[in-house]
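J.: Take a look at this one; I'll ask things after.
Each reported figure results from applying straightforward, stated rules to the coordinates on display, with no laboratory input. Predicted model, so just to flag it, every value in this text is computed and none were measured. Ideal geometry is used to build each Cβ from the backbone, glycine not excepted, and the neighbour counts take in all protein chains shown.
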Amino acid sequence: MPDRRAGLPIAAGCALAGVAVHILTSGSYGYFRDEMYYLACGDHLAWGYVDHAPLIALVARLTRTLLGDSLLAIRLLPALAAGCMILLAGLITRELGGGRFATFLACLSVLIAPVYLATDTLLTMNAFEPLFWMGCAWVLLLAINRDRPQLLVWLGVLAGVGLENKHSMLFFGAALVAGLLVSGERRLLLNRWMWIGAAIALSLFLPNLIWQARHGWPTMVDLRNARSKNVPLTTAEFLGRQVLVMLPPSILVWVAGLWFLLRDAAAKRYRALGWAFLVLMGTMIALHGKAYYMAPAYPMLFAAGGVFWERRATSRWVRVALPAVLVVVGLTTAPMALPLLPPDELVRYQQALRIQPPRDYVSEAGPLQEEFGDMFGWEEMVREVAAVYHALPPEERNHAAIFALNYGEAGAIDLFGPRYGLPKAICSNQTYFYWGPRQYTGDVMLVLGLNDAVLNAPYNRKRLEASFRSVEYGPRVEHPYSMTWEHYPIVIARGLKWPLAQLWPRLRFWN
């Protein structure tokens with residue numbers, strides 16, 4: 001019988017390694033598009049936003065207030081979250097009956113999975129999402145193993161706060177309920193503590209629900225609009241990407257973990273987790289979700305897989321070879337998930353390995369994958385805008401608006417602009433739309449984001465030029481490693497023919 005407590009130092013060591021990896025690489029490239037947006041949202045705290053739940057804005061606000069807005073500062077909490085996720089994998093392994101080897105294999109699998117390396121290096125909701133999902137799984141295991149259903153109250157707390165982090169918590173919660181229904185632990189669904197936990201979760205989620213209802217359910221509108229920009233995946237492609245984003249050889253661990261949860265007699269009481277994973281997978285396939293949407297559910301499979309191999313791999317050769325293969329392949333693919341190499345070396349590295357990272361968006365184009373490409377060119381863009389802005393005659397500059405078509409450009413202006421004497425941007429994309437045109441009338445506007453694809457689309461250029469008294473195409477914004485949609489001229493538009501405040505509702509763009 002393995003000593004379950006012996007695995008905790010191993011889990012803690014892997015967790016510290018994960019934190020160190022993310023801290024050491026946090027400043028290698030630049031700010032990611034979404035990070036700047038969340039920092040802007042942190043300046044406008046609310047119970048809801050168009051395309052995300054409110055917790056990330058609060059995290060951004062607290063981080064900025066306490067630590068500043070340097071790359072290291074804003075990425076510190078995601079790095080700590082990476083460590084906590086690895087530690088949670090170890091704790092789940094212990095509850096499933098695993099010892100040292102099981103814990104090491106589970107935590108190593110989480111540590112080197114490309115999808116976690118990529119998401120946990122950025123200030124986004126995705127860095128914190130697995131903590132809530134796997135926290136719920138761990139609490140459920142504690143309640144089962146210790147026969148203490150009152151612990152389910154904490155499941156409700158985690159689920160409620162998880163919903164304020166990302167709405168996908170609803171899918172995991174529903175999958176967990178479905179898993180309990182078809183397992184031997186369905187009795188827990190009738191326990192009063194489960195219902196108390198559910199009431200707590202609902203009460204924590206209620207402020208965001210009220211905000212959504214009052215604003216016409218903008219998140220649902222945004223999700224419908226976003227379908228056209230995502231690369232559609234067949235079932236086979238979706239499953240294939242699961243293998244890629246979790247690291248190909250780790251399929252030996254997580255598939256074994258799924259089998260263990262569903263079929264092994266030792267896991268009879270834990271069947272709900274296996275069924276929950278299958279229900280969640282089926283839901284994401286049916287809804288044409290992105291491959292990484294499943295990522296927060298895998299640590300429990302890695303934990304179960306660790307227990308599987310610990311029980312069956314009695315040969316020392318297997319116990320050495322399996323982790324060794326994971327490490328070798330993980331180190332090989334790490335530069336495609338973490339900013340380890342200079343951009344030009346990364347491009348050559350991928351070409352040498354003949355590996356092309358999968359695309360999530362139809363229009364994705366650039367020398368680097370979108371996760372990296374969207375870290376380049378922002379401050380350079382702001383400098384170009386500042387040069388144009390300060391070259392305006394004083395009587396124009398005093399009331400000139402900087403209008404960005406995309407929240408990334410607007411976020412960059414808001415983050416870097418004060419260094420260059422620029423005012424806050426206005427933008428009708430995503431939640432920026434709710435912050436309105438401020439005091440601007442449209443007499444003078446610097447328009448950002450009108451790339452060649454937009455300008456050359458039928459009638460767009462004519463419509464733009466017909467909307468203003470005069471339109472001037474200034475210097476181009478172009479960075480060799482940014483996404484191609486961030487290559488555009490800075491447009492100086494004067495004399496908007498309608499009041500901007502009156503026109504604003506028609507400019508709304510949620511996608």
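J.: Give me the percent of Cα-Cα pairs in the chain that sit more than 31 Å apart, rounded to a whole number.
T.: Numbers: 63020 of 130305 pairs.
It works out to 48 percent of all Cα pairs.
J.: Arrange the following residues from fewest to most other Cβ atoms within 10 Å of their Cβ: D34, D120. Walk me through the numbers on the way to the answer.
T.: Working: D34 20, D120 28.
Going from least to most buried by this count: D34, D120.
J.: Another question about this same structure. When you count, for each residue, the other Cβ atoms within 10 Å and take the mean per peptide, how do 174-184, 206-216 rank with the highest first?
T.: Values: 174-184: 18.4, 206-216: 13.9.
Put in order of decreasing packing, that is 174-184, 206-216.
J.: Which order results if Y29, Y434, Y270 are arranged by neighbouring Cβ count within 10 Å, fewest first? All intermediate terms of the calculation are to be shown ahead of the outcome.
T.: Working: Y29 22, Y434 15, Y270 28.
With the sparsest Cβ surroundings first, the list reads Y434, Y29, Y270.
J.: Order 404-411, 317-324, 162-169, 242-249 from most to least packed using the mean count of other Cβ atoms within 10 Å. Before the final figure, lay out each step's value.
T.: Values: 404-411: 25.6, 317-324: 13.8, 162-169: 22.8, 242-249: 19.5.
Sorting 404-411, 317-324, 162-169, 242-249 by mean packing, highest first, produces 404-411, 162-169, 242-249, 317-324.
J.: Taking the Cα atoms only, what angle lies between the long axis of helix 407-416 and the longest principal axis of the chain, rounded to 10 degrees?
T.: Between the helix axis and the principal axis of the chain, the angle is about 80 degrees.
J.: Shifting gears a bit: Where does the chain land at 222 nm, in deg cm²/dmol rounded to the nearest 500, when only DSSP H runs of n ≥ 4 count, each adding -39500 (n - 2.57), divided by all residues?
T.: Taken over the chain, the calculation gives -18000 deg cm²/dmol.
J.: So which cysteines of the chain have no other cysteine's Cβ under 4.7 Å from theirs?
T.: C41, C84, C136, C427
J.: Along the positive direction of the dipole of the range 6-83 (beta-carbon charges: Lys, Arg +1; Asp, Glu -1; about the Cα centre), which of A79, L62, L45 reaches farthest?
T.: A79
J.: Separate question: Let me confirm the definition first: pairs of Lys residues in the chain, 8 or more apart or on different chains, C-alpha distance under 30 Å. How many are there?
T.: Qualifying lysine pairs in the chain: 9.
J.: In whole angstrom, note down how far apart the Cα centers of the range 357-412 and the range 17-58 are.
T.: 18
J.: Continuing with the same structure: Of all alpha-carbon pairs in the range 294-398, indicate the percentage at a distance above 16 angstrom. Show your work: numbers first, answer last.
T.: On the way: 4075 of 5460 pairs.
Tail of the P(r) past 16 Å holds 75 percent of the pairs.
J.: Could you state the angle between the C-alpha long axis of helix 33-42 and the longest principal axis of the C-alpha atoms of the chain, as a value from 0 to 90 degrees rounded to the nearest 10?
T.: So the inclination is approximately 80 degrees.
J.: Taking R0 as 41 Å, what FRET efficiency do you get between H44 and A321 from their Cβ-Cβ distance, rounded to the nearest 0.05?
T.: Values: r = 53 Å, r/R0 = 1.29.
Working from the Cβ atoms, E equals 0.20.
J.: Another one. Report the relative contact order of the chain, percent, no decimals, based on alpha-carbon pairs under 8 angstrom and at least 6 residues apart. Intermediate results must be reported in sequence, preceding the final value.
T.: Details: 879 pairs, mean separation 87.3, N = 511.
In percent, rounded to a whole number, it is 17.
J.: Please list, in chain and number order, the residues 5+ apart from W217 or on another chain whose amide H is under 5 Å from its amide H, with Hs placed from the backbone.
T.: Correct list: empty.
J.: Any chance you could get the radius of gyration and Dmax over the Cα atoms of the range 378-507, in Å?
T.: 13.6, 38
J.: Dipole magnitude of the chain about its Cα centre, charges +1 at Lys/Arg Cβ and -1 at Asp/Glu Cβ only, in debye to the nearest 20? It would help to have the intermediate numbers written out before the result.
T.: Values: 45 positive and 36 negative charges, 345 e Å.
In debye, rounded to 20, the chain gives about 1660.
J.: By how many degrees, between 0 and 90 and to the nearest 10, does the Cα long axis of helix 76-95 differ from the longest principal axis of the chain?
T.: Result, in degrees: 20.
J.: Another question, if that's okay. What are the extents of the Cα atoms of the range 170-301 along their three principal axes, in Å, largest first?
T.: 50, 43, 19
J.: A further question on this structure: Taking only Cα atoms of the range 398-474, what ratio of Rg to Rh do you get with Rh as the Kirkwood inverse-distance radius?
T.: Details: Rg = 12.8 Å, Rh = 13.3 Å.
For the range 398-474, the value is 0.96.
J.: Over all distinct alpha-carbon pairs, what is the Kirkwood Rh of the range 375-442 in angstrom?
T.: On the way: mean 1/r = 0.0819 Å⁻¹.
When all Cα pairs of the range 375-442 are included, the Kirkwood radius is 12.2 Å.
J.: Additional query: What does the C-alpha gyration tensor say about the overall shape of the range 1-93? Classify as rounded when a/c is under 1.5, otherwise prolate if a/b is larger than b/c, or oblate. Write down the numbers at each step before the final one.
T.: On the way: a/c = 3.22, a/b = 1.92, b/c = 1.67.
Prolate, because a/c is 1.5 or more and a/b exceeds b/c.
J.: Would you compute, for the Cα atoms of the range 252-334, the largest minus smallest coordinate along each principal axis and list the three values in descending order, in whole Å?
T.: 42, 36, 13
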